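Below you'll find the structure, written out as structure tokens, and then a few comments.
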Number of protein chains: 2
Amino acid sequence: MNIAIVGLGLIGGSIGLRLKLKAESLKLKVIGIPRRDETIEQAKERGAIDEGSLNISSVSDSDIVFICTPINLIIPKLKEIIPHLKKGAIVTDVGSSKSEIVKEAQILMPKGTYFVGGHPMAGKEKVKLEAAEADLFQGAAWILTQTSKTSKKALETLQNLISDMGADVLVLDPKLHDLTVAGISHMPLALAVALVNTVSEAKEGKDEMLKCASSGFRDTTRVASGDPELGVDIFVTNKKAVLSQIKAFKSSLSNLEKVIKEGNSEQISALMKKAKEVRDSIYGQS
Amino acid sequence: MNIAIVGLGLIGGSIGLRLKLKAESLKLKVIGIPRRDETIEQAKERGAIDEGSLNISSVSDSDIVFICTPINLIIPKLKEIIPHLKKGAIVTDVGSSKSEIVKEAQILMPKGTYFVGGHPMAGKEKVKLEAAEADLFQGAAWILTQTSKTSKKALETLQNLISDMGADVLVLDPKLHDLTVAGISHMPLALAVALVNTVSEAKEGKDEMLKCASSGFRDTTRVASGDPELGVDIFVTNKKAVLSQIKAFKSSLSNLEKVIKEGNSEQISALMKKAKEVRDSIYGQS
């Protein structure tokens, strides 16, 4: 099976590294199509690809194409790819919002080729190839989208390949995907950014806060140190779901605020216990 | 110099472990006064204390007394301690809010004895002696409070001892302390609790969110897995400063919400960049 990876950053590079571990047993050939020549050399040296090309027409032999560009380039790149696809080819992406992309891609795909939206739920602050690792997806959720137009066979092929990469595949409707990631991935970013900015705009105590910030603040705001442009992409492309989650969060915070204002120890305790219980059910007791 | 530690949990135990490293060079004797007999044995085995007692009158030889109980027991414990203090004795505490405690303690302390409020900015989710470690305060901020009634000599004695423990001492007015910790320690907790509860109350997508939650959600909500009762103490005793910080945070979040709603990439980018810059200035580039 021939695989093309368009874009060799953290995610594209990690897909390559992982697939190459299995290349022999799965009879895979991995071709990388990055933007820059030096990335081809680097990816070969790291063992993330078999071959590299700067020419998008190099997807013409591929059975599966992973588009791993920044989210705002996914549809433009798909348009470039389409004329070169062979019959039966499957295209997937790794963008962190799905409704818009899947809708547009389904309209664009020619008969006999297939698009399945994807989103591996793994990441780091660093987004370049140097940060790529074969284990990035191990045990992580990898969402694939399904609509009434999705080919079951294409979905199944991708499910198998991605499971082979160590990820837990979850098949979701694009809208439910967007709501899900808004709740657990985009909201942490929104809160981290808003919290850091609250401190930096504090009229009193700003210097003391910056000086005393310790592990709690560090961990709660970690995602605010990521690539700002990735944040812009997220909040622009997943606007609707993010806004609905901000609304829900505000109501939850107001609930806590109310019981603090009342000095209601019992209710504060109940909210704390509920949160601890739910969180421990996800990550185990810390 | 004789040191008493009243309460041998994470903080009291870690103070003991650290002081005992310096016990010879500083000529210290460390006595531990926990609630339970078995804690004395355990603390001795770990090398956190020289001697232990369950009797509060054992503070009578001490030059410095650290009160390391849960915050709601600090003043009750101080009342028990006072009748046994020798002349010139200094009492400090490690409670995470200071205005109320310092105000009450200053009224209670008899002439010739001194109270200086304290708050080491170090912690973990686990709060028992087993989690104690000599390095807990290394490089961490340790706030001591100063008011018009604070003895300069007592403050200086504590500053020296705590610097010897590896912490960076910061002297603040109790109210400024409370505002500072509300902003960088109590707010992360409030947001973590509110975010987990938002997910667990989601009308749509709850199961998918719980299944897909990955490292961003994990780190942002880490502090929600701490001891719920510690959270109650914080929100009850530092109510005023926490409420003012929740208000400021809501305004910061609404600001982000507004530019997301407008789809204003430039303004979203500006808020993201500002947050990243401030955070990286604290913790270095991640």
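The values are calculated or read from the model by the stated rules, or taken from the named source; none is laboratory data. Treat the numbers as computed from the prediction; the structure is a model and nothing was measured. Every residue, glycine as well, gets a Cβ built from its backbone with ideal geometry; the counts of neighbours run over all protein chains shown.
Is it true that B:Ala140 is surrounded by fewer than 20 Cβ atoms within 10 Å (Cβ to Cβ), assigned by TED's automatic domain parsing to the domain that holds B:Gly88, hydrophobic (A, V, I, L, M, F, W, C) and within 16 Å of B:Gly16 (Cβ to Cβ)?
When the stated conditions are applied, B:Ala140 does not pass them.
Would it be correct to say that B:Glu100 is within 13 Å of another protein chain (Cβ to nearest Cβ) and assigned to a helix (DSSP H, G or I)?
The answer is yes for B:Glu100.
What residue, of B:Lys250, B:Lys240, is out of contact with any Lys or Arg (no Cβ under 6 Å at 6 or more places or on another chain), surrounded by fewer than 22 Cβ atoms within 10 Å (Cβ to Cβ) and without any contact (Cβ under 8 Å) to a residue 12 or more places away in the chain?
The unique qualifying residue is B:Lys250.
Only residues that are in contact with a helix residue (DSSP H, G or I) (Cβ under 6 Å, 6 or more places away or on another chain), at pLDDT 85 or above and in a loop (DSSP other than H, G, I, E, B): list them for region A:111-129, please.
Hits for region A:111-129 are A:Gly117, A:Met121.
Kindly indicate the residue of region A:118-141 that is in contact with a strand residue (DSSP E or B) (Cβ under 7 Å, 6 or more places away or on another chain) and more than 10 Å from chain B (Cβ to nearest Cβ) and also farthest from A:Ile11 (Cα to Cα) among those meeting that condition.
A:Gly118
Looking only at region A:149-197, filter to residues that are away from chain B (no Cβ under 14 Å) and charged (D, E, K, R); which one of those is surrounded by the fewest Cβ atoms within 10 Å (Cβ to Cβ)?
A:Lys152
Taking region B:227-236, which residues are more than 7 Å from chain A (Cβ to nearest Cβ) and buried (at least 23 other Cβ atoms within 10 Å of the Cβ)?
Across region B:227-236, the qualifying residue is only B:Ile234.
Scan region B:83-108 for residues that are surrounded by fewer than 19 Cβ atoms within 10 Å (Cβ to Cβ) and farther than 23 Å from B:His186 by Cβ and report the count.
8
Any residue at all in region A:186-205 that is of a type in the set (Lys, Arg) and modelled with pLDDT of 95 or more?
no
One line per residue, one yes/no per condition, for (1) under 25 Å from the mean Cα position of the chain (by Cα); (2) not assigned by TED's automatic domain parsing to the domain that holds B:Gln138; (3) not in a helix (DSSP H, G or I):
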{"site": "B:Gly16", "(1), (2), (3)": "yes, no, no"}
{"site": "B:Leu21", "(1), (2), (3)": "yes, no, no"}
{"site": "B:Lys27", "(1), (2), (3)": "no, no, yes"}
{"site": "B:Ala43", "(1), (2), (3)": "yes, no, no"}
{"site": "B:Leu54", "(1), (2), (3)": "yes, no, yes"}
{"site": "B:Asn72", "(1), (2), (3)": "yes, no, no"}
{"site": "B:Glu80", "(1), (2), (3)": "yes, no, no"}
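For region B:113-129, give me each residue that is farther than 13 Å from B:Ile71 by Cβ, touching a residue at least 40 places away in the same chain (Cβ under 8 Å) and surrounded by fewer than 21 Cβ atoms within 10 Å (Cβ to Cβ).
B:Lys124, B:Glu125, B:Lys126, B:Lys128
For region A:198-226, which residues satisfy the criterion of being more than 7 Å from chain B (Cβ to nearest Cβ) and within 21 Å of B:Ala213 (Cβ to Cβ)?
Passing the criteria: A:Ser215, A:Gly226.
How many residues are closer than 16 Å to A:Lys153 by Cα, hydrophobic (A, V, I, L, M, F, W, C) and touching a residue at least 60 places away in the same chain (Cβ under 8 Å) if we restrict to region A:82-112?
Going through region A:82-112 one residue at a time, the tally reaches 1.
Which of the following residues is farther than 20 Å from A:Ala182 by Cα and either in contact with a helix residue (DSSP H, G or I) (Cβ under 9 Å, 6 or more places away or on another chain) or within 7 Å of chain A (Cβ to nearest Cβ) (or both): B:Ile246, B:Ile260?
B:Ile246
Before we move on, is A:Leu144 within 7 Å of another protein chain (Cβ to nearest Cβ), on the phi < 0 side of the Ramachandran plot and not in a helix (DSSP H, G or I)?
no
Output the qualifying pairs, or none if there are none: Cβ atoms under 8 angstrom, residues six or more apart or on different chains, first residue in region A:202-213 and buried (at least 22 other Cβ atoms within 10 Å of the Cβ), second residue of a type in the set (Gly, Ala, Ser) and modelled with pLDDT under 95.
Matching pairs, first to second residue: A:Cys212/B:Ala141; A:Cys212/B:Ser185.
Would you mind telling me which numbered condition in (1) of a type in the set (S, T, N, Q); (2) more than 7 Å from every other protein chain (Cβ to nearest Cβ); (3) over 21 Å from A:Ser251 (Cα atoms) B:Ser254 fails?
So B:Ser254 meets the others, but not (3).
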